[in-house]
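Enquirer: Structure provided below as structure tokens; questions to follow.
The values are calculated or read from the model by the stated rules, or taken from the named source; none is laboratory data. Predicted model, so just to flag it, every value in this text is computed and none were measured. Don't worry about glycine lacking a Cβ; one is built from the backbone with ideal geometry, like all the others, and counts go over all protein chains shown. Protein only, heavy atoms only, side chains kept; ligands, DNA and RNA dropped before computing areas. Shrake-Rupley method; radii C 1.70, N 1.55, O 1.52, S 1.80 Å.
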2 protein chains.
Amino acid sequence: VPQEHDIAGEDSLIRGYFAPLAAGFAGAFGLEDDCAALSPEPGRDIVLKTDAVAEGVHFFATDAPEDIAWKAVAVNVSDLAAKGATPIGYLMSLSFPVPPARAWLERFVAGLREAQERFGMSLIGGDTDRRPNAPVSITVMAIGSVPKGRMVRRGTAQAGDVLYVTGTLGDAALGLRLRTGEIDDKGGAHLAASEREFLLRRYLRPEPRLALVSVLLAFARSAMDLSDGLVKDLGRLCRASGKAAQVEAWLVPLSPPARTLLERRPELALLPLTGGDDYEILVTVAPEAVSSFEAAARGAGVPVTRIGAVCEGGGVTVRDSSGRTIDIASPGYDHF
Amino acid sequence: VPQEHDIAGEDSLIRGYFAPLAAGFAGAFGLEDDCAALSPEPGRDIVLKTDAVAEGVHFFATDAPEDIAWKAVAVNVSDLAAKGATPIGYLMSLSFPVPPARAWLERFVAGLREAQERFGMSLIGGDTDRRPNAPVSITVMAIGSVPKGRMVRRGTAQAGDVLYVTGTLGDAALGLRLRTGEIDDKGGAHLAASEREFLLRRYLRPEPRLALVSVLLAFARSAMDLSDGLVKDLGRLCRASGKAAQVEAWLVPLSPPARTLLERRPELALLPLTGGDDYEILVTVAPEAVSSFEAAARGAGVPVTRIGAVCEGGGVTVRDSSGRTIDIASPGYDHF
């Protein structure tokens with residue numbers, strides 16, 4: 001009788017938990033091969049992005065496994081959306097300090113499934129390892145596609161472009177501070193449960209703006225997603241474009257819970273300009289395309305708000321409603 | 001004067017060290033955009049692979065930065081090669097516990113450059129973060145291409161196929177044990193400096209078998225790269241193919257230094273069958289294609305050795321030169 005060598009551990013983990021997430025994609029080969037194969041559609045480019053989330057940095061060990069999984073995928077899909085790309089699939093490199101509990105894994109996989117069904121993509125490959133004493137980490141590589149040569153760029157803004165953002169800013173940064181206790185009711189926040197829940201959810205469950213993809217392809221001159229804070233990310237767009245930008249701080253859209261909280265905690269007023277984790281899209285639109293862009297965004301059900309303009313020069317200027325420049329000491333999140 | 005918000009830290013790291021590695025690839029946009037764009041060649045599929053290396057698991061903190069960088073890329077390219085794929089580019093997600101020293105980074109980038117020039121690919125995107133108290137980790141996603149529908153699979157071996165491996169096995173596993181001191185001269189190893197150096201280098205500097213790509217596309221029925229040990233990886237190929245395999249242990253090719261060492265340390269004799277990090281290719285070839293395959297491999301300058309055969313059934317049997325089955329308790333490396 002030939003001796004069957006048990007394919008234990010890592011292989012069981014992949015077959016038992018992750019392979020079902022790859023069932024809808026032929027070129028994933030059930031996660032049983034070394035590589036995935038992808039047949040590009042004629043006339044389209046492949047768009048690629050990688051971003052990692054780690055326990056203690058991007059999420060907390062006590063976060064719901066569904067939320068961790070969702071966020072790991074969503075932060076990458078947000079970049080695809082900002083580039084006008086439609087998601088196809090993702091690879092995932094996982095690292096655990098100890099073999100994860102079955103119940104945790106099941107919920108983690110449920111979160112991945114929810115995310116990939118919402119975003120229209122499949123798990124197509126990956127890798128799992130164990131690193132003693134290291135935080136849980138999840139590195140996702142997202143793959144999408146755009147019409148050939150049409151990826152929406154960061155570096156193509158022009159002077160005179162109108163600056164827009166989707167949704168509302170600062171919610172996630174406030175949600176994070178509620179999550180850590182940095183903002184609490186002792187400081188006079190006194191939020192209703194539903195307001196608190198809204199802000200927390202904006203931190204835990206970013207919603208990539210995929211509904212804007214076709215609008216961006218049609219009308220954006222340049223775009224990027226907001227993950228490290230408006231002023232910092234806009235500074236990157238300006239730098240890549242060789243342009244400057246002016247932001248009218250009083251035009252930056254706030255959700256009702258954020259507005260309520262910021263009225264009670266005025267020392268946090270700059271957070272919508274500098275806080276990370278928005279996962280909204282910053283778009284510049286040529287002046288002649290503004291009304292078409294706004295109409296198309298309305299048609300797509302994505303709120304967009306005009307917050308400023310691109311001009312010649314370099315750097316980002318932020319002004320208050322009386323036209324005074326606001327000094328921003330720390331424009332956004334930096335790991336280093 | 002518009003206020004210039006300094007784009008410090010992470011952006012400087014990317015611009016100063018990593019952007020030059022992306023200079024040769026237009027769709028990397030100098031690493032200044034959110035995503036990379038790739039225009040697929042007509043008639044080819046994209047092949048994708050991700051694998052991570054972490055300090056303390058896959059390399060040592062004291063390893064040369066050039067070697068760490070090389071290995072992070074090479075272990076992924078090895079998979080591409082085994083699938084018949086030609087490398088195009090890679091994304092890299094880096095994590096450091098503290099900002100890395102300039103000298104370390106320069107050497108790390110030099111290792112990446114050496115690897116990507118050798119393998120014919122560019123850095124096209126990535127992400128860098130800081131995780132306090134976590135090991136340095138490097139997750140690479142490699143992108144290659146194959147003629148449409150022609151990726152060499154794991155799951156397509158057929159009964160009667162002849163089993164080949166490239167190069168020699170066990171060198172890296174022995175090199176690792178020399179590196180850790182688990183094998184030392186006190187145990188009677190008494191290797192010459194050049195023998196020791198050869199084995200260490202096989203651990204530190206895997207050489208993906210890209211020269212075999214066209215040979216695999218022409219003649220392989222199935223193939224995979226060997227990273228977790230021959231018996232374990234062959235078990236995976238058998239499982240994916242629904243077949244069994246027999247390996248003649250005495251046919252497994254050994255380098256002269258490995259042979260010398262194993263003669264002196266006979267208790268390690270199974271290591272070429274079970275040790276990881278070989279990054280050689282396991283190939284199955286239909287009997288009628290054997291002589292063409294051998295001639296083509298010779299033409300490509302890649303040594304290949306016949307080590308057994310595929311048959312009906314399941315599992316892997318290993319036999320010694322007298323035909324007795326060798327019991328392999330632990331067929332290879334597993335993280336879990």
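Enquirer: For B:182, B:288, B:195, give me the order by solvent-accessible area with a 1.4 Å probe, most accessible first, ignoring ligands, DNA and RNA. Intermediate values should be presented prior to the final figure.
Expert: Working: B:182 120, B:288 145, B:195 40 Å².
Putting B:182, B:288, B:195 in descending order of accessible area: B:288, B:182, B:195.
Enquirer: Return P(r) of region A:188-336 (all Cα-Cα pairs; 10 Å bins starting at 0; whole %; ordered from short to long distances).
Expert: Reading upward from the zero bin: 10, 37, 38, 14, 1.
Enquirer: Quick check: the angle from helix A:230-241's long axis to the longest principal axis of chain A, C-alpha only, nearest 10 degrees?
Expert: It works out to around 90 degrees.
Enquirer: I would also like to ask the following. Tell me the Kirkwood radius of region A:131-256: reciprocal of the mean inverse pair distance over distinct alpha-carbon atoms, in Å.
Expert: Values: mean 1/r = 0.0575 Å⁻¹.
Kirkwood hydrodynamic radius for region A:131-256: 17.4 Å.
Enquirer: Divide the volume of the convex hull of the Cα atoms of chain B by its number of residues and quote the answer in cubic angstrom per residue. Before the final figure, lay out the partial values.
Expert: Working: hull volume 51.1 nm³, N = 336.
Given the Cα convex hull of chain B, per-residue volume reads 152 Å³.
Enquirer: How much of residue B:243 can a 1.4 Å solvent probe reach, expressed as accessible area in Å² and rounded to 10?
Expert: Residue B:243 has an accessible surface of roughly 40 Å² with all protein chains in place.
Enquirer: Could you grab the Rg to Rh ratio for region B:17-63? Cα atoms only, Kirkwood for Rh. Walk me through the numbers before you get to the answer.
Expert: On the way: Rg = 15.5 Å, Rh = 13.8 Å.
Computed over Cα atoms, the ratio is 1.12.
Enquirer: On the full set of protein chains, 1.4 Å probe, figure out the accessible area of residue B:250 and give it in Å² to the nearest 10.
Expert: Its heavy atoms expose roughly 140 Å² to the probe.
Enquirer: A follow-up question, please. Report, for chain B, the % of DSSP beta bridges that are antiparallel, rounded to 5.
Expert: Working: 39 of 53 bridges.
Close to 75 percent.
Enquirer: Of the heavy-atom accessible surface of region A:234-336 (probe 1.4 angstrom), what whole percent is carbon and sulfur?
Expert: Details: 2230 of 4370 Å².
Taking all protein chains in place, region A:234-336 shows 51 percent carbon and sulfur surface.
Enquirer: Calculate one ³J(HN,Hα) per residue across region B:296-305 by plugging θ = phi - 60° into the Karplus curve 6.51 cos²θ - 1.76 cosθ + 1.60, and present them in order as whole Hz with x for glycine and proline.
Expert: Listing the rounded values in order: 5, 5, 4, x, 7, x, 10, x, 10, 10 Hz.
Enquirer: Could you work out the helix-only [θ] at 222 nm for chain B, with each DSSP H run of four or more residues adding -39,500 (n - 2.57) and the total divided by the number of residues, to the nearest 500 deg cm²/dmol?
Expert: On the way: 10 runs with 105 residues, N = 336.
My calculation for chain B gives -9500 deg cm²/dmol from helical runs alone.
Enquirer: Ordered by residue, what ³J(HN,Hα) values in Hz, to whole numbers, does region A:61-73 give under the Karplus form 6.51 cos²θ - 1.76 cosθ + 1.60, where θ = phi - 60° and Gly and Pro are x?
Expert: Here the 3J(HN,Hα) series is 4, 8, 4, 4, x, 4, 5, 4, 4, 4, 5, 4, 7 Hz.
Enquirer: Hey, got the dipole for region A:188-262? About the Cα centre, +1 on K and R Cβ, -1 on D and E Cβ, debye to the nearest 20?
Expert: Computed charge dipole of region A:188-262: roughly 160 debye.
Enquirer: Quick one: which residues, 5+ away or cross-chain, put their amide H under 5 Å from the amide H of residue A:44? H built at 1.01 Å from N.
Expert: Amide H to amide H, under 5 Å and 5 or more residues apart or across chains, residue A:44 pairs with A:148.
Enquirer: Roll a 1.4 Å probe over the protein chains and send me the accessible area per residue for region B:9-118 in Å².
Expert: Values: 3510 Å² over 110 residues.
For region B:9-118, the per-residue accessible area is 32 Å².
Enquirer: What percent antiparallel are the DSSP beta bridges of region B:183-318, to the nearest 5?
Expert: Approximately 70 percent, going by the DSSP bridge assignments.
Enquirer: Which far-off residues, 5 or more places away or on another chain, put their amide H under 5 Å from the one on residue A:278, with H placed in the peptide plane?
Expert: Amide H neighbours of residue A:278: A:229.
Enquirer: Treat every Asp and Glu Cβ in the protein assembly as shown as -1 and every Lys and Arg Cβ as +1, leave all other atoms uncharged, and give the resulting dipole magnitude about the Cα centre to the nearest 20 debye.
Expert: Values: 70 positive and 86 negative charges, 159 e Å.
The calculated dipole for the protein assembly as shown is roughly 760 debye.
Enquirer: Continuing with this model, one more query. Defining the label point at 7 Å along Cα→Cβ, can you sort the distances from residue B:267 to the same site in each other copy, shortest first, in nm?
Expert: Spacings between copies for this position, smallest first, are 6.4 nm.
Enquirer: Where Rh denotes the Kirkwood radius from the mean inverse Cα pair distance, what is Rg over Rh for region B:179-223?
Expert: Details: Rg = 16.8 Å, Rh = 13.4 Å.
Result: Rg/Rh = 1.25.
Enquirer: Taking each residue of A:53-64 in turn, how many C-beta atoms of other protein chains fall within 10 Å of its C-beta, and what is the average?
Expert: Values: counts 1, 6, 2, 4, 6, 2, 0, 0, 0, 0, 0, 0.
Mean partner shielding for this stretch: 2.
Enquirer: Report, largest value first, the span of the C-alpha coordinates of region A:1-144 along each principal axis, in whole Å.
Expert: 52, 44, 22
Enquirer: Determine ³J(HN,Hα), in whole Hz, for all residues of region A:10-24 in sequence, where each value follows from phi through the Karplus function 6.51 cos²θ - 1.76 cosθ + 1.60 and θ = phi - 60°; x replaces Gly and Pro.
Expert: 3, 4, 5, 4, 5, 5, x, 10, 9, 4, x, 6, 9, 4, x
Enquirer: Can I ask one more? Would you kindly work out, in nm and rounded to one decimal, the distances from the label point of residue B:193 to those of the same position in each other copy, ordered shortest first, with label points 7 Å along Cα-to-Cβ?
Expert: Taking the point 7 Å beyond Cα along Cα→Cβ, the inter-copy spacings are 7.5 nm.
Enquirer: Let me ask something additional. On a 0 to 90° scale, report how tilted helix A:171-180 is relative to the longest principal axis of chain A, with both axes built from alpha carbons and the result rounded to the nearest 10.
Expert: Taking the Cα atoms of chain A, the angle to A:171-180 is about 60 degrees.
Enquirer: Here's something else I'd like to know. Looking at B:125, B:58, B:31, which one has the Cα that reaches farthest to the positive end of the dipole of chain B (charges on Cβ: Lys, Arg +1; Asp, Glu -1)?
Expert: The one lying farthest along the dipole's positive direction is B:58.
Enquirer: Quick one: with label points 7 Å out along Cα→Cβ, list the inter-copy distances for residue B:42 in nm, shortest first?
Expert: Those separations, rounded to one decimal, come out as 0.7 nm.
Enquirer: Report the equivalent ellipsoid semi-axes for the protein assembly as shown in whole Å, largest first, defined as the square roots of five times the eigenvalues of the gyration tensor built from alpha carbon atoms. Don't skip to the answer; put the middle values down first.
Expert: Working: eigenvalues 477, 124, 106 Å².
The answer is 49, 25, 23 Å, longest axis first.
Enquirer: Long-range amide H contacts for residue A:129: which residues qualify at under 5 Å (H placed 1.01 Å from N, peptide plane, sequence gap of 5 or more or a different chain)?
Expert: Those qualifying (amide H under 5 Å, at least 5 residues apart or on another chain) are A:94, A:95, A:96.
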